[in-house]
């Protein structure tokens, strides 16, 4: 159980790091150009694509494991 | 042009609908059938993040900075990846300790210190004011635009007199609305299901409104977003917006904005309230982690097209970009669309204002006012639940009026987004004390205080002071030449750091001061026991779940506790809470006079829900007589408990191993006993078998010795018997030795290519005399070709002889008939020996191959044979990898069958081993 959970957390952290790198200098500067691709400016096209892929990855990692390793039990009061 | 009364009517109808939803939500919650208990409503309620800033400001920002509006939404998207373990930990802590606000959370973490709660509250209120003023500004401006905008006339500026200022009336209307929503009664858990439902509804409205206007602008006014963008690219002015350089501050500013919004999504008081306090189930975080970013993505899709359309339609700059969303439809005389947009903007603003003011009023009440009130002797014994409500209502009004004041003061000189970013930077000051606090036990109370104060001071000096300067309150010289002419202290380039834009500059210094002070002071600080206790509870929340957080060992009566709680949350709710506790813990509340430590802890947490943990502690200690458990003692208990848990885990492991070993031993022992029994049985059977022939040999020998005058004929007969019995003895001994050899594995086996035809022939040849004597027919059904197996030839002959002689033994002399058949079905070699004897009873069939199992003859009860023949056959066939069994029905003869694997072609060439 902790094994699965740790692996899931590791994946999420890696996704975050990749996201931060992809959405910042210098990678971002590669797309900062006045040019159109599929009718959209390259920069916007790139940002929205990364955005969508990022959401997809997070959803994949979180939804793949069917349920939480430790199902939450509301704390007793 | 829309009439003023139409807009007002629509606004109030809309607010009425919201109130109806909230009312319904509360009713359902009271009935125990929550409508908000699912991840989708949770996600929509988190979208309270998208305020009027998003609705109007994003387009404005896109029109001036290009992609610069996006980091505000990319940050939360990135942060959402960490929600599953960061946010969930915070939620678990908050639920365990009944935490109701971010101030409460931070003060609980640092030894329940009321001072920290107060500091956090002040930072939050001051920091959020610009944000609230932003909403007020947006609503009043949009209202004015809607009823005064005349294409293509420029925007009428806001009125000068306070009494004719729309924003004031917006403020008052919002206050009433927030008070009605958030403070209908004091709830111990501080959750507002109705409000969450309404906020979720508003999130839907604002998303739909924005998408509608986006589609309208892109497809109705222009022929698709691609066309619109194409038009814009041609203009040299607009094409600049297509790359990052349009953002002043460039990539550094981009990074700062991303960082700030990452922090803001968790630590803005209203986000904390929605994400943590209003959370129904931790599991909802999972879906929200990717659905909420999806919401952000959707609401941002049309920002660029709308802003480009605005810039194309109003190229002269006569219209403020912040109102493009309204101005573009109005310019085209689409008043219905504009009205819908206005409703969307109203949704965004009211949602933010309601949640933010409720969160802030809880903090002001619990962490600023209550600690002071509780010190007043006169209030110690009166009913405070109505006082609590009044304080909260008052603080909502005060906060909104302060927001209005801020708006009057400096709101006009700022764009929407810039105002919001000031608030973001303030909220980021909470990030270190929380994030470091929930992962590092060493973060101390004094560290947190200095960190918060230093960060707040830096923020105030580098962001708030300049905004006062812009509004004209402070001389502008301070920006250029610094205070008192000291240039090094200029708020925009502190200590000469001039390479950043103002926002990055402020975030850099305030974060450096905040984190630096928190970490350094903590490292050189000595935590007292209470701090260590709370730190352990927070950091190890998933480990110490079952450990009670109660601290009390003194005595209190149940009645006193109930009175105390009732004074804050009302007697009806108190009764309900206590009876719930009673059923859950099997504690007789009615008849027991003394409360145990558990009940005291329970009362404290209930109170904490209503008045904050710090105040709750003070109140409980006024009722409980006697000593608290010393916190050192409690720490020790906590440590010991962890140790005991670990020991018991290890112990469990050991005892499990032990059990396994015992089971193995028991099995081994059982097998040994069984073997021992078998051996005894074997020995006794063998001796018995040996004795029978021996006895007769001895008896006849004695007769011969004692009667020398015996007739020759008689003598011969006796000697014959003696010889036969000796032969039987020899045979038996041979068989026993054989079996012993086979079983011990020391028998020598040869492996030859054997023709089974020959084997059967040989066996029947050697038994022909026997068959002849008992006049039993032997019928052989053998195939014409050779049937080869790899086996020990002599042993196979032995098997055949054993089976054939067995058959003879059980056949009726004269009528007996034995058939031996050799066949090769399905890749096997099969030998059958059938007789027409009495057959074998099914019970016996199973045991017939056991050692010394002798069949009782059906007619005479005398056993025949040694009882080892079949056992030996069984062992031999087994050794060759074949199988042997018997098929029989009583009265219909018996058929012994054995099967072997045929020799492979290659090995038929006869290589003997």
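FYI, it's all coordinate maths here, none of it is from the lab. As the structure is a prediction and not an experimental result, all values here were calculated from the model. Methodologically, a virtual Cβ is constructed for each residue, glycine included, from the backbone with ideal geometry; neighbour enumeration extends over all protein chains shown.
Key figures for this structure:
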{"quantity": "Residue A:6/residue B:655 FRET efficiency (R0 41 Å; Cβ-Cβ; nearest 0.05)", "calculated": "0.90"}
{"quantity": "The range B:748-909, relative contact order [Cα under 8 Å, separation at least 6], %", "calculated": "24 percent"}
{"quantity": "Cβ-based exposure ranking for B:244, B:396, in which fewest neighbours within 10 Å come first", "calculated": "B:244, B:396"}
{"quantity": "Chain B, relative contact order [Cα under 8 Å, separation at least 6], %", "calculated": "14 percent"}
{"quantity": "Length added when fully stretched, residue B:794-residue B:283, from 0.36 nm per residue minus Cα-Cα", "calculated": "176.4 nm"}
{"quantity": "Förster-model FRET efficiency, 45 Å R0, residue B:575 and residue A:52, C-beta, rounded to 0.05", "calculated": "0.30"}
{"quantity": "Share of alpha-carbon pairs per 10 Å distance bin for the protein assembly as shown, given as whole %", "calculated": "2, 9, 15, 16, 11, 6, 4, 5, 7, 9, 7, 4, 2, 1, 0, 0, 0"}
{"quantity": "Cα long-axis angle, helix B:4-30 against chain B (0 to 90 degrees, to the nearest 10)", "calculated": "40 degrees"}
{"quantity": "Enclosed volume per residue, in Å³, of the convex hull spanned by Cα atoms of the range B:646-742", "calculated": "86 Å³"}
{"quantity": "Label point distance in nm, residue B:3-residue B:692, each placed 7 Å from Cα along Cα→Cβ", "calculated": "12.5 nm"}
{"quantity": "Debye log10 I(q)/I(0) for the range B:442-528, one point scatterer per Cα, at q = 0.12, 0.18, 0.22, 0.25 Å⁻¹", "calculated": "-0.41, -0.75, -0.94, -1.09"}
{"quantity": "Inter-chain shielding of A:34-44 (mean C-beta neighbours from other protein chains, 10 Å cut-off)", "calculated": "6"}
{"quantity": "Cα shape, the range B:8-158, gyration tensor, a/c 1.5 rule", "calculated": "prolate"}
{"quantity": "Per-residue mean of C-beta atoms belonging to partner chains within 10 Å, peptide B:600-609", "calculated": "1"}
{"quantity": "Relative contact order (%) - the range B:442-528, alpha-carbon pairs under 8 angstrom, separation at least six", "calculated": "50 percent"}
{"quantity": "Ranked list, fewest to most other Cβ atoms within 10 Å of each Cβ, for B:181, A:31", "calculated": "A:31, B:181"}
{"quantity": "For the range B:748-909, diffusion coefficient by Stokes-Einstein and Kirkwood Rh (Cα), 25 °C, 0.890 mPa s, µm²/s", "calculated": "153 µm²/s"}
{"quantity": "Whole-Å semi-axes of the range A:2-64's equivalent ellipsoid (Cα gyration tensor)", "calculated": "30, 13, 4"}
{"quantity": "Gain upon complete extension [residue B:440, residue B:559; 0.36 nm per residue less C-alpha separation]", "calculated": "38.8 nm"}
{"quantity": "Rg(Cα) / (2.2 N^0.38 Å) computed for the range B:679-786, rounded to two decimals", "calculated": "1.53"}
{"quantity": "10 Å binning of all Cα-Cα separations within chain B, expressed as whole percents from 0 upward", "calculated": "2, 10, 15, 15, 10, 6, 4, 4, 7, 9, 8, 5, 2, 1, 0, 0, 0"}
{"quantity": "Estimated FRET transfer efficiency (residue B:769, residue B:665; beta-carbon r; R0 51 Å; 0.05)", "calculated": "0.40"}
{"quantity": "Spin-label model distance (nm) - residue B:777 vs residue B:812, 7 Å beyond Cα toward Cβ", "calculated": "1.4 nm"}
{"quantity": "Degrees between helix B:869-879 axis and first principal axis of chain B (Cα, 0 to 90, nearest 10)", "calculated": "50 degrees"}
{"quantity": "Degrees separating the helix B:114-148 axis from the principal Cα axis of chain B, which is the longest one", "calculated": "70 degrees"}
{"quantity": "Point-to-point label distance, residue B:704-residue B:237, nm (Cα→Cβ direction, 7 Å offset)", "calculated": "14.1 nm"}
